[in-house]
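Engineer: The structure follows.
The values are calculated or read from the model by the stated rules, or taken from the named source; none is laboratory data. Remember, predicted model here, so these are calculated numbers, not experimental data. Every residue, glycine among them, receives a Cβ derived from its backbone with ideal geometry; neighbour counts consider all protein chains shown. When the accessible area is computed, the model is the full protein with side chains, heavy atoms only, and any ligands, DNA or RNA have been set aside. Shrake-Rupley method; radii C 1.70, N 1.55, O 1.52, S 1.80 Å.
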Amino acid sequence: MMTGEQYVESMRKMHMQVYMFGKKIDNPVDDPILRPSLNSVRATYDLAQDSAYEDLMTVTSSLTGEKINRFLHIHQSTEDLVNKVKMQRLLGQQTAACFQRCVGMDAFNAVYSTTFEVDKKYGTKYHENFVNYAKYCQQQDYTVDGAMTDPKGDRGLAPHQQEDPDMYLRIVERRPDGIVVRGAKAHQTGAINSQEIIVMPTISMGPEDRDYAVSFAVPADAEGVIMIIGRQSCDTRKLEGTELDVGNSEFGGVEALVVFDDVFVPNDRIFLAGEAEFAGMLVERFAGYHRQSYGGCKVGVGDVLIGASALAADYNGCAKASHIKDKLIEMMHLNETLYCCGIACSAEGHATGSGNYMIDLLLANVCKQNVTRFPYEIARLAEDIAGGIVVTAPSEADLRGEVTGPYVEKYLKGAKGVSVENRLRILRLIENLCLGTAAVGYRTESLHGAGSPQAQRIMISRQGNLPMKKELAKKIARIQD
């Protein structure tokens, strides 16, 4: 397995087409806006080298028998599923940001079981293709980006009905040695920090959408792959040379619109190519795994935000107030409820036909439905405890300024014995988590990541088995039809 530094150096060797603010970024690794997101991924390598976290971060591969990073593992038991959530909480605690490898891990397991089912029906070799690909990624210790979300265009129309057929990624040419694809994948967290990209369809599809039912893998720097970085609130603060104002200067996340401009995919890297009836299965299984993930990563970041809020109360001199204590208790209650759902859907998992383990879909969707709500309340309470100064505090330059510094030091004092600098640091961290660049990896992303809230409600309706519940009521009430 690679060390964190080896991972960073491996990314230097990539030749990705990355654009930000309308300009090509020739060295994404050392760009001040992008580097914190790379550091978050690096943490997944560094912690895997730490013996204290070995049981969570590493596992024996079911494919090679070798020790690998858990992010590249094919789950073999409910214990694997539980340890996945525990690992994600750990990394959320260590980075207070999105560490970007969960989507690839969830794609690995969804594609693994779905290709098995496709081969079983059609006699294709997709499963063999994927197993060989997974072995390759495990042996190289690569970070893999999972790409599912299409731009979608007119949401009221199916892929084949769109005015612009490229609104969903599609096959535009079939060759004896592979396929050529065109389209884009949106909101791709960590794409610029990945060596590989796995593409999946984004919705269930009918026969007319055959060319859109495609799954494959390509290197992140393959010819025709172009990445356009998305804006984040407060992102240019990283250019100002101020550690304090950034809030979390070492870690972060970054998203990209990933364009596939007639990209060639060889046959041995194709996992689905026209079998439209299996698009829904792949989407459902991936979504289930990814909704499980939120019961870990968001909880870990929540731990940091709760700790920051408690420190803000200390620094403000109001930690003993009963309403402050009650708000912190409520934050912990909500956070641990999210964790309970992540653990529960893991513990209730089951083996698929391919042999890898799938979470309980109903509980995973309940987990993510809670995640669309609770982090917003946790963030609201954090902002309540911190006070309005979380969005009105002066800059670090003013704290250090010859004229302004003495005034900032005089008027922004809090509790006795607490430096103004430390008070500002914790306020900036809260701002970062609730409103700044990390809001993409915590608050707003909690709503839209792994599908919209309505997508989870649809799955809860499907998985909730309402007819069975009616029969239970009839039996107790002694009703006979």
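Engineer: GluC sites (Glu not before Pro), restricted to the stretch 242-277: which are DSSP loop and have at most 15 other Cβ atoms within 10 Å?
Structural biologist: Within the stretch 242-277, the qualifying GluC sites (Glu not before Pro) (loop, at most 15 other Cβ atoms within 10 Å) are Glu250.
Engineer: Can you compute the modelled spin-label distance between Val418 and Leu239, with each label point 7 Å from Cα toward Cβ, in nm?
Structural biologist: In this crude spin-label approximation the distance works out to 3.4 nm.
Engineer: Separate question: Whenever you get a sec, compute what percent of the accessible area on the stretch 270-323 sits on carbon and sulfur atoms (1.4 Å probe).
Structural biologist: Carbon and sulfur atoms account for 59 percent of the accessible area of the stretch 270-323.
Engineer: Sticking with this one: For the stretch 222-262, how big is Rg over Rh, using alpha carbon atoms and the Kirkwood form of Rh?
Structural biologist: My calculation of the ratio gives 1.15.
Engineer: Kindly provide the trypsin sites (Lys or Arg not before Pro) of the stretch 6-41 that DSSP labels as loop, not H, G, I, E or B, and whose Cβ sees at most 15 other Cβ atoms within 10 Å.
Structural biologist: Lys13
Engineer: Spelling out what I want: for every residue of the stretch 419-424, take phi, set θ = phi - 60°, compute 6.51 cos²θ - 1.76 cosθ + 1.60 (Karplus), and round to whole Hz; glycine and proline get x.
Structural biologist: Per residue, the Karplus-derived 3J(HN,Hα) values read 6, 4, 4, 5, 5, 5 Hz.
Engineer: For Asn69, enumerate residues with amide H under 5 Å from its amide H, sequence gap 5+ or separate chain, H modeled in the peptide plane.
Structural biologist: none
Engineer: Here's something else I'd like to know. Which listed residue (Val118, Gly104, Ile359) has the Cα farthest towards the positive end of the charge dipole for the chain, taking +1 on Lys and Arg C-beta and -1 on Asp and Glu C-beta about the Cα centre?
Structural biologist: In the chain, that residue is Ile359.
Engineer: Would you mind checking the tilt of helix 453-463 against the longest principal axis of the Cα atoms of the chain, expressed as 0 to 90 degrees and rounded to 10?
Structural biologist: 50 degrees
Engineer: Also, quick follow-up: Using a cut-off of 14 Å between beta-carbons, work out the net charge of the residues near Ala477 (Lys and Arg +1, Asp and Glu -1, Ala477 not included).
Structural biologist: Around Ala477, the charge tally is +3.
Engineer: Using alpha-carbon pairs under 8 Å, 6+ residues apart, how would you state the relative contact order of the chain in percent?
Structural biologist: 18 percent
Engineer: Another question about this same structure. Loop-only check: which trypsin sites (Lys or Arg not before Pro) in the stretch 294-354 are DSSP coil with at most 14 other Cβ within 10 angstrom?
Structural biologist: In loop regions of the stretch 294-354 (DSSP not H, G, I, E or B), the sparsely surrounded trypsin sites (Lys or Arg not before Pro) are Lys320.
Engineer: Amide H of Val172: which non-local residues (sequence gap of 5 or more, or other chain) have their own amide H closer than 5 Å, using H built in the peptide plane?
Structural biologist: When sequence neighbours closer than 5 places are left aside, the close amide H contacts are Val180, Val181, Arg182.
Engineer: While we're looking at this one, here's another question. Note down the nm distance, to one decimal, between modelled labels 7 Å out along Cα→Cβ at Gln480 and at Tyr136.
Structural biologist: In this crude spin-label approximation the distance works out to 6.5 nm.
Engineer: Over every pair of different alpha-carbon atoms in the stretch 247-372, take the mean of 1/r and invert it; report that Kirkwood radius in Å.
Structural biologist: Its Kirkwood hydrodynamic radius stands at 18.1 Å.
Engineer: Moving on. I want to check the label-to-label distance for Glu377 and Asp398. Put each point 7 Å from Cα in the C-beta direction and report it in nm to one decimal.
Structural biologist: Each label point lies 7 Å from its Cα, and together they span 3.4 nm.
Engineer: For the stretch 11-97, what does the accessible surface come to per residue with a 1.4 Å probe? Please give it in Å².
Structural biologist: 41 Å²
Engineer: OK, next. At R0 = 41 Å, how high is the FRET efficiency between Asp177 and Ala347 if r is their beta carbon distance? Nearest 0.05 is fine.
Structural biologist: 0.35
Engineer: Per residue, how many Å² of accessible area does the stretch 246-362 show with a 1.4 Å probe?
Structural biologist: Value for the stretch 246-362: 34 Å² per residue.
Engineer: OK, next. Show me, for the stretch 25-36, the HN-Hα J-couplings you get by feeding each phi into the Karplus relation (A = 6.51, B = -1.76, C = 1.60, θ = phi - 60°), rounded to Hz, glycine and proline as x.
Structural biologist: 9, 6, 10, x, 4, 10, 5, x, 6, 8, 4, x
Engineer: Next up: With θ taken as phi - 60° and the coefficients 6.51, -1.76 and 1.60, list the Karplus ³J(HN,Hα) couplings across the stretch 241-253 in order, rounded to whole Hz; mark glycine and proline as x.
Structural biologist: x, 10, 6, 4, 5, 6, x, 10, 7, 8, 10, x, x
Engineer: Helix-only mean residue ellipticity at 222 nm, the chain, DSSP H runs n ≥ 4 weighted -39,500 (n - 2.57), per residue, nearest 500. What is it?
Structural biologist: The per-residue figure over the chain is -15500 deg cm²/dmol.
Engineer: Related question: Just how large is the dipole of the chain about the Cα centre, in debye to the nearest 20, putting +1 at every Lys and Arg Cβ and -1 at every Asp and Glu Cβ?
Structural biologist: 1400 debye
Engineer: Another one. Helix 126-140 versus the longest principal axis of the chain: what is the Cα-based angle in degrees, 0 to 90, to the nearest 10?
Structural biologist: Compared with the principal axis, the helix lies near 40 degrees.
Engineer: Related question: Where does each of Phe374, Phe286 land when they are ordered by accessible area, with a 1.4 Å probe and the largest first?
Structural biologist: I get Phe374, Phe286, largest accessible area first.
Engineer: Could you pull out every residue, at least 5 positions away or on a different chain, whose amide H is within less than 5 Å of the one on Gln17? Hs are placed 1.01 Å off N in the peptide plane, and Pro or chain starts have none.
Structural biologist: Met227
Engineer: Return the carbon/sulfur percentage of the accessible area of the stretch 44-127, one whole number, probe 1.4 Å, all protein chains in place.
Structural biologist: Percent of accessible area from carbon and sulfur atoms in the stretch 44-127: 43.
Engineer: Of Lys327/Lys368; Lys13/Lys135; Lys368/Lys469; Lys23/Lys368; Lys238/Lys368, which sit over 25 Å apart, Cα to Cα?
Structural biologist: Lys23/Lys368; Lys238/Lys368
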